[in-house]
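Each remark here refers to the structure printed beneath this line.
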Amino acid sequence: MNIILLGPPGSGKGTQGESLEKSLNIKRISTGDMLRNEVNSNSDLGKQVQSIISSGRLVSDDVIMRLLELTIKSSEYENGFILDGVPRSLGQAVSLDNLLEGISRSIDLVLYFSISDEVLIDRICNRYYCANCGTNYNKAYKNPKIQGKCDVCGGGEFKIREDDNIDSVKKRMSEYRSKTEPLVEYYKNKGILKLVNCDQDVEKISKDIDLLLKND
Ligand code: AMP
């Protein structure tokens, strides 16, 4: 099954994507994580995109599609994938369709994470992650089971994303509204979009997604 998680930054795509990976046994592809890895490893691409990411702007469609093409075509994803944070523009959506058509595949389902601005800002301001394995947490509703120790790798160092500051968040929201939100209409017209109400707690959102998948 090939799934897209579509929604604004902070709507919970990462958290829900991580649990879907386990329940569906297919892997998630997060272009945000891929780009942050490039920045952390100080690669040429990392140096090129660092300031774009921290200011909250979008990286060019060309760069994203090159990263995505290599990943999707690798054998790890032949049983399916969950796209988190991509596509983020009409150009990326069309390129993705062409890329998938070329390998006789297509998107089966788009989960649209619908959320109000207040809940969104609250989520972003509370989130943090394990510096070792990248597992996401949130001060308000998802802390490690043992305080100060990552549930997944046992690591004890946690960080806040560099772009989770108010200026960058404002820019990311305006990029989302102007470039990404039109994709809701694009996928609705294809008949593969399903709405998820994300103004609820994480467990309820997970349950709603499970139901949507069962009825798909
Ligand atoms: P995310 O972790 O998905 O919120 O992405 C963090 C940042 O990486 C974004 O604010 C963009 O600067 C960049 N980025 C991630 N995915 C994309 C994409 N599909 N298109 C353009 N820029 C992206």
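Here the chain is treated with +1 on each Lys and Arg Cβ and -1 on each Asp and Glu Cβ, and its dipole about the Cα centre works out to around 280 debye. Secondary-structure-derived ellipticity at 222 nm for the chain, considering helices only, amounts to -14000 deg cm²/dmol, per-run term -39500 (n - 2.57) for DSSP H runs with n ≥ 4.
The value of relative contact order for the chain, using C-alpha pairs under 8 Å at least six residues apart, is 29 percent. Ranked from largest to smallest solvent-accessible area, with a 1.4 Å probe on the protein heavy atoms, Glu175, Glu69 come out as Glu69, Glu175. Rounded, prolate or oblate: pick one for segment 1-126, where a ≥ b ≥ c are the square roots of the eigenvalues of its C-alpha gyration tensor, a/c under 1.5 means rounded, and failing that, prolate if a/b is larger than b/c, else oblate. It comes out oblate by the Cα gyration axes. Considering only Cys150, Leu99, Ile124, and ranking their Cα positions along the charge dipole of segment 88-158 that arises from unit charges at the beta-carbon of Lys, Arg, Asp and Glu, the one farthest toward the positive end is Cys150. Structural descriptor for segment 17-86: relative contact order 48 percent, calculated from alpha carbon pairs under 8 angstrom and at least 6 residues apart. Full extension of the chain segment joining Asp44 with Ser74 gains 8.6 nm, where the gain is 0.36 nm per residue of separation less the Cα-Cα distance. Measuring from a point 7 Å past the Cα of Ser51 along Cα-to-C-beta, which residues in segment 136-164 have an amide N at less than 17 Å? Those under the cut-off are 163.
By the Kirkwood approach, averaging reciprocal distances over each pair of separate Cα atoms, the chain gets a hydrodynamic radius of 17.8 Å. Near the amide H of Phe158, within less than 5 Å, lie the amide hydrogens of Ala131, all on another chain or at least 5 residues away, with H placed in the peptide plane. For Leu195 paired with Leu212, estimate the spin-label separation in nm (one decimal), with each label point 7 Å from Cα along the Cα-to-Cβ line. Once both label points are built, they end up 1.1 nm from each other. Under 5 Å from the amide H of Lys142 lies no amide H of any residue 5 or more positions distant or on a separate chain, with H modelled from the backbone and absent for Pro and chain starts. For segment 86-159, the C-alpha radius of gyration sits at 1.57 times the compact-globule guess of 2.2 N^0.38 Å, with N the residue count. Note on segment 142-216: the C-alpha convex hull projects to 7.6 nm² when averaged across all orientations.
Between Asn132 and Lys170, what FRET efficiency comes out of the Förster formula 1/(1 + (r/R0)^6) with R0 = 30 Å and r the beta carbon distance, rounded to 0.05? In this case the efficiency is close to 0.50. Cross-linked pairs Lys73/Lys190; Lys149/Lys170; Lys47/Lys145; Lys139/Lys171; Lys13/Lys171: Cα-Cα separations exceed 28 Å for Lys149/Lys170; Lys47/Lys145. A cut-off under 14 angstrom between Cβ atoms defines the neighbours of Ile107, and their net charge, with Lys, Arg +1 and Asp, Glu -1, is -1. Close amide H contacts of Phe81 (hydrogens built in the peptide plane, cut-off under 5 Å, sequence separation of 5 or more or a different chain): Asn2, Ile3.
The values are calculated or read from the model by the stated rules, or taken from the named source; none is laboratory data. All of these numbers come straight from a predicted model, not from anything done at the bench. Heads up, the Cβs are rebuilt from the backbone with ideal geometry, glycines too, and the neighbour counts pull from every protein chain shown. Just so you know, the surface numbers come from the protein's heavy atoms only, side chains and all, with ligands and any DNA or RNA stripped out. Shrake-Rupley method; radii C 1.70, N 1.55, O 1.52, S 1.80 Å.
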